[in-house]
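A.B. asks: Dropping the structure in here first, questions after.
The values are calculated or read from the model by the stated rules, or taken from the named source; none is laboratory data. Keep in mind it's a predicted model, so treat the numbers as computed, not measured. When we count neighbours, we look across all protein chains shown, and the Cβ atoms used for this are built from the backbone with ideal geometry, even at glycine. Keep in mind that these areas ignore ligands, DNA and RNA; they rest on the heavy atoms of the full protein, side chains included. Shrake-Rupley method; radii C 1.70, N 1.55, O 1.52, S 1.80 Å.
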Amino acid sequence: MTDAALPQRLAGKTVLLIVGGGIAAYKTLPLIRLLRAEGCSVSTILTKAGSAFVTPLSLQALTEQPVHMDLLSLTEESMMGHIQLSRAADLLVIAPATADLLARMSAGMADDLAATVLLATDKPVLAAPAMNVRMWQHQATQANIDTLTARGLTLVGPEEGPMACHEYGPGRMAEPETIRDAILSLLVPSSVSSNVPSSADTVPQDLRGHHALVTSGPTHEPLDPVRYLANRSSGRQGHAIAAALARRGARVTLVSGPVSIPDPQGVTTIHVETGRQMMAACESALPADIAVCVAAVADWHVEAAEQKLKKTGGTPHLTLLPNPDILATLSAPGPRRPALVIGFAAETEAVHQHARDKRLRKGCDWLLANDVSPNTGIMGGVDNAIRLITADGEEDWPRTSKTEVADHLAARIAAFMNAS
């Protein structure tokens, strides 16, 4: 389907995009294209630091709107331009939201056009943080985030990954598609994060009356108050499946580990951190008709130290203890077993054989296998390639977006439930 054929889900909406100063500012250009393709009108404020990374001409060419840069513009301020800018849009988006911008916003400063507009607005604000991992984890930044979210700021990201400064960790700005989806969830709650229409007229409501339990994301297993064991799962696939099931009318409970993506609309989301917390949340959510275990739950946990482990104490001895097996527990025969239990197998070698063995060992009905070797880009990425394994046979699904995988799986689940 071409962009021209897509439903314009943001038609009639206006976004004011504030471009902060960071290397991630280059991502605002494809973000503008995505929003314009959805029918959205985009105006921009370019900070002085932001102009070091993208040019006013680039923003103006893509938005077809003037680029605002100066607080004390004689032309604009004769009409109180900063007030008009702050209130004319349906949503303000800060991308990249630098540590400096967030700090000045938290303090209520009005020392440039961007900060003044943020202080004067009465509209919702979405921020896509982007900064060095140490800056993101600093107590000052986290305190500012706590203050701003308590005031109603919505965050999308940051994501975890390699950075321009050659460090690795949380601090990467969310991808343009992820920010677009967060904007959709705020401005058009009934929309979906895919290239298909989302109304009840086009998506069959063939799971209405069914309760689906979905797990998503990684788990964080504390080593001490500041460190943890984890993996690279982004939660995109699990969240997409929860949203796809909800679109078909299911009542969905999503149990999510720590992720940087927004909660799906129309879904009850329970946030947890550890594998043991996820197990408890799943058991509390039962009974369910359908269970889809997508989360990459850590296999082990340790008894966390009460204080930060120090190098001066030598190499610590860590005893790994097994985490509860959520998929096997939900698959076990009994009155509370869902009618359909689906697991995922993220493997790096002998993918299909390991997945077949896992389905039999866990006792689940279906298992979706995917190769998460580093060269595939699937773990933490936006695409997936699946082999569906059931007692009746196997089939390969071509590599496509995780949203499309979710839609396809939801359709298969609906067909199974209705046939049953």
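A.B. asks: Given Cα pairs under 8 Å that are at least 6 residues apart, what percent is the relative contact order of the stretch 14-187?
C.D. replies: Details: 333 pairs, mean separation 40.3, N = 174.
It rounds to 23 percent for the stretch 14-187.
A.B. asks: Over the stretch 18-67, what is the relative contact order in whole percent, taking alpha-carbon pairs under 8 Å and six or more residues apart? Before the final figure, lay out the partial values.
C.D. replies: Details: 61 pairs, mean separation 23.1, N = 50.
So the answer I get is 46 percent.
A.B. asks: Same structure again: Between the stretch 392-419 and the stretch 227-256, what's the alpha-carbon centroid distance in Å?
C.D. replies: Here the answer is 16 Å between Cα centres.
A.B. asks: While we're looking at this one, here's another question. List, in order, the whole-Hz ³J(HN,Hα) value for each residue of the stretch 242-259 obtained from phi through the Karplus relation with A = 6.51, B = -1.76, C = 1.60 and θ = phi - 60°; use x for Gly and Pro.
C.D. replies: These are the phi-based 3J(HN,Hα) values: 4, 5, 5, 5, 5, 4, 8, x, 6, 7, 10, 10, 9, 9, 10, x, x, 9 Hz.
A.B. asks: Another question, then. Once both labels are modelled 7 Å past Cα along the beta-carbon direction, what's the THR319-ARG87 spacing in nm?
C.D. replies: If labels sit at THR319 and ARG87, their model points lie 6.4 nm apart.
A.B. asks: Assuming R0 = 30 Å, what is the FRET efficiency of GLU394 and THR269, from their Cβ-Cβ distance, to the nearest 0.05? Kindly include the intermediate steps, with their values, before the conclusion.
C.D. replies: Working: r = 32 Å, r/R0 = 1.06.
Taking R0 as 30 Å, the efficiency between GLU394 and THR269 is 0.40.
A.B. asks: In percent, how large is the relative contact order of the chain, given Cα pairs closer than 8 Å and 6 or more residues apart? Before the final figure, lay out the partial values.
C.D. replies: Working: 883 pairs, mean separation 45.7, N = 420.
Over the chain, the number comes to 11 percent.
A.B. asks: Using a cut-off of 9 Å between beta-carbons, work out the net charge of the residues near ALA130 (Lys and Arg +1, Asp and Glu -1, ALA130 not included). Before the final figure, lay out each step's value.
C.D. replies: Details: positive: LYS27, ARG172; negative: none.
Neighbour charge sum, excluding ALA130 itself: +2.
A.B. asks: Jot down the radius of gyration and Dmax of the stretch 14-187, Cα atoms only, both in angstrom.
C.D. replies: 14.9, 46
A.B. asks: Next question, about the same structure. With each run of n ≥ 4 DSSP H residues scored as -39500 (n - 2.57), what mean residue ellipticity at 222 nm is computed for the chain after dividing by its residue count and rounding to the nearest 500 deg cm²/dmol?
C.D. replies: On the way: 14 runs with 135 residues, N = 420.
Result for the chain, helices only: -9500 deg cm²/dmol.
A.B. asks: Still on this structure, please answer the following. Residue-wise, which Karplus ³J(HN,Hα) couplings in Hz belong to the stretch 222-228, taking 6.51 cos²θ - 1.76 cosθ + 1.60, θ = phi - 60°, and x for glycine or proline?
C.D. replies: For the stretch 222-228, the Karplus-derived couplings read x, 9, 7, x, 10, 10, 7 Hz, x marking Gly and Pro.
A.B. asks: Under a 5 Å amide H to amide H cut-off, with H placed in plane at 1.01 Å, what residues pair with ASN323 once short-range neighbours are removed?
C.D. replies: Answer set, sorted by chain and number: TRP300, HIS301.
A.B. asks: Also, quick follow-up: Report the gain in length on full extension from ASP146 to GLU306: 0.36 nm times residue separation, minus Cα-Cα distance, nm rounded to one decimal.
C.D. replies: Values: separation 160, 0.36 × 160 = 57.60 nm, distance 2.38 nm.
Length difference between fully extended and current span is 55.2 nm.
A.B. asks: How much of the accessible area of the stretch 14-187, in percent, comes from carbon and sulfur atoms when a 1.4 Å probe is used? Before the final figure, lay out each step's value.
C.D. replies: Details: 4260 of 7540 Å².
Whole-percent figure for carbon plus sulfur exposure: 57.
A.B. asks: Go through the stretch 14-23 residue by residue and turn each phi into a ³J(HN,Hα) via Karplus (6.51, -1.76, 1.60, θ = phi - 60°); whole Hz please, and just put x for glycine and proline.
C.D. replies: So the J values, rounded to whole Hz, are 10, 10, 9, 9, 9, 9, x, x, x, 4.
A.B. asks: Multiply the residue gap between ASP100 and ILE23 by 0.36 nm, knock off their C-alpha separation, and tell me the result in nm, one decimal place. Before the final figure, lay out the partial values.
C.D. replies: Details: separation 77, 0.36 × 77 = 27.72 nm, distance 1.42 nm.
Length gained, ASP100 through ILE23: 26.3 nm.
A.B. asks: Moving on to the next point. For ARG134 and ARG276 in the same chain, what is the full-extension length gain: residue separation times 0.36 nm, less their Cα-Cα distance, in nm? Display every interim value, and only then the final one.
C.D. replies: On the way: separation 142, 0.36 × 142 = 51.12 nm, distance 2.85 nm.
Working it through step by step, the gained length comes to 48.3 nm.
A.B. asks: Once both labels are modelled 7 Å past Cα along the beta-carbon direction, what's the VAL188-PHE416 spacing in nm?
C.D. replies: 3.1 nm
A.B. asks: Taking every Cα atom in the stretch 294-395, find the radius of gyration and the maximum pairwise distance Dmax, and write them in Å.
C.D. replies: So, for the stretch 294-395, Rg and Dmax equal 17.5, 57 Å respectively.
A.B. asks: Of MET105, ALA24, ILE83, which is farthest on the positive side of the dipole of the chain, counting Cα position, with +1 on Lys and Arg Cβ, -1 on Asp and Glu Cβ, and the Cα centre as origin?
C.D. replies: MET105
A.B. asks: [x] 68, 68, 42; [y] 73, 57, 36; [z] 73, 64, 36: which one is Cα extents along the principal axes in Å as calculated from this entry?
C.D. replies: Comparing each candidate, only [z] matches the computed number.
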